[in-house]
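The values are calculated or read from the model by the stated rules, or taken from the named source; none is laboratory data. Treat the numbers as computed from the prediction; the structure is a model and nothing was measured. Cβ: placed from backbone, ideal geometry, glycine included. Neighbour counts: every protein chain shown.
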Amino acid sequence: MKSTTDTITSGTLYIISTPIGNLEDITLRALRLLKEVDYICAEDTRVTGRLLAHYEIKKKMISYHSYNERQRIPRILQTLKEGQQVALVSDAGTPGISDPAHRLVQEAIREKIPVVPIPGPTAAIAALVASGLPTNRFVFEGFLPRKKGRQTRLKQICEENGTIIIYESAVRIQKTIEDIVKFCGNRYIVICRELTKHYEEFIRGYAEEILKNLSSRTLKGEIVLLVAGKDFKSSKDETEKLDE
């Protein structure tokens, strides 16, 4: 049975979560709405096109990303005001998490256009629940600044009591862990790589130990880095259990 928010209404923006790797990780509700809307706003139309092709969905797409959002937002809002139904998706996961989707959502709300979230995969939460680190309190940092403000952000992170979640690229992960050691000390960390994909991997241990291991290998793929909070306490036996 459909809820009131499931029924297509005039000029609604649907925020639809999509798989972060495994194409089977998408809800029936998301698939139905992707078929029913008039347009799909996609971060990369090629990536979204592969998902749509997999489920035999043919739909008009509008490219929407950080480089064209200023030009695209007025067009998308006008489309919604004309009564068209629009779905907003990112390349992977939930739109608005470390991507420009939130700006479109803000403008839609300002124009009193209904915004409906369609829940689904999020790499940050998937990594957290499988990490073995405390889940009762956590901080999502997204991507750290590469240069300006990086040290300030790292110092702030070090004071957090909850588990810290960071998105990082494979080419910068070693430098980021080195910075964690420099500013936060030898924290317990978990590297979550290629979540839901064929080469999914979890690397657990203390930062200095993991840095030694990384010196003899090169990580590839998309990475979520989790850092234990300031007050995280674990005996050697407990951390060994996490590593098993």
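Among the residues of segment 136-156, just one is touching a strand residue (DSSP E or B) at 6+ places or on another chain (Cβ under 7 Å) and among the β-branched types (V, I, T), namely V139.
On inspection, K155 qualifies as loosely packed, with under 12 Cβ neighbours inside 10 Å, touching a helix residue (DSSP H, G or I) at 6+ places or on another chain (Cβ under 7 Å) and either among the polar types (S, T, N, Q) or more than 23 Å from G96 (Cβ to Cβ) (or both). Among the conditions (1) modelled with pLDDT of 95 or more; (2) closer than 20 Å to F143 by Cβ, I157 misses just one, which is (1). For A124, indicate whether it is buried (at least 17 other Cβ atoms within 10 Å of the Cβ) and under 30 Å from T163 (Cβ atoms). For A124, the condition - buried (at least 17 other Cβ atoms within 10 Å of the Cβ) and under 30 Å from T163 (Cβ atoms) - is met. For segment 185-200, the criterion of being of a type in the set (F, W, Y), loosely packed, with under 12 Cβ neighbours inside 10 Å and either touching a strand residue (DSSP E or B) at 6+ places or on another chain (Cβ under 8 Å) or assigned by the TED database to the domain that holds A92 (or both) is satisfied by at least one residue.
Of all the numbered requirements in (1) touching a Cys at 6+ places or on another chain (Cβ under 9 Å); (2) over 22 Å from I97 (Cα atoms); (3) modelled with pLDDT of 95 or more, D179 misses one, and that requirement is (1). Of the strands (runs of 3 or more DSSP E) lying entirely inside segment 102-187, the ones with 3 or more residues being closer than 21 Å to F202 by Cβ are found at 138-143, 163-169. Of all residues in segment 18-70, those being of a type in the set (A, V, I, L, M, F, W, C), surrounded by 14 or more Cβ atoms within 10 Å (Cβ to Cβ) and part of a helix (DSSP H, G or I) number 7.
Checking each residue of segment 202-214 against the condition of being modelled with pLDDT of 95 or more, in a loop (DSSP other than H, G, I, E, B) and in contact with a strand residue (DSSP E or B) (Cβ under 8 Å, 6 or more places away or on another chain) gives no match.
Are there any pairs, at least 6 apart or on different chains, whose C-beta atoms fall under 9 Å, with the first in segment 132-156 and within 14 Å of V224 (Cβ to Cβ) and the second basic (K, R) and exposed (fewer than 12 other Cβ atoms within 10 Å of the Cβ), and if so, which? Correct list of pairs: G132/K241.
The set of residues from segment 10-37 being of a type in the set (D, E, K, R) and closer than 23 Å to P74 by Cα comprises just one member, E36. Scanning segment 108-124 turns up no residue that is among the basic types (K, R), farther than 19 Å from N22 by Cα and touching a residue at least 24 places away in the same chain (Cβ under 8 Å).
Every residue in segment 93-137 that is on the phi > 0 side of the Ramachandran plot, of a type outside the set (K, R) and over 17 Å from the mean Cα position of the chain (by Cα), please. Correct list: G132 only. If the condition is being of a type in the set (K, R) and either touching a residue at least 60 places away in the same chain (Cβ under 8 Å) or not assigned by the TED database to the domain that holds I40 (or both), then segment 72-104 contributes only K81.
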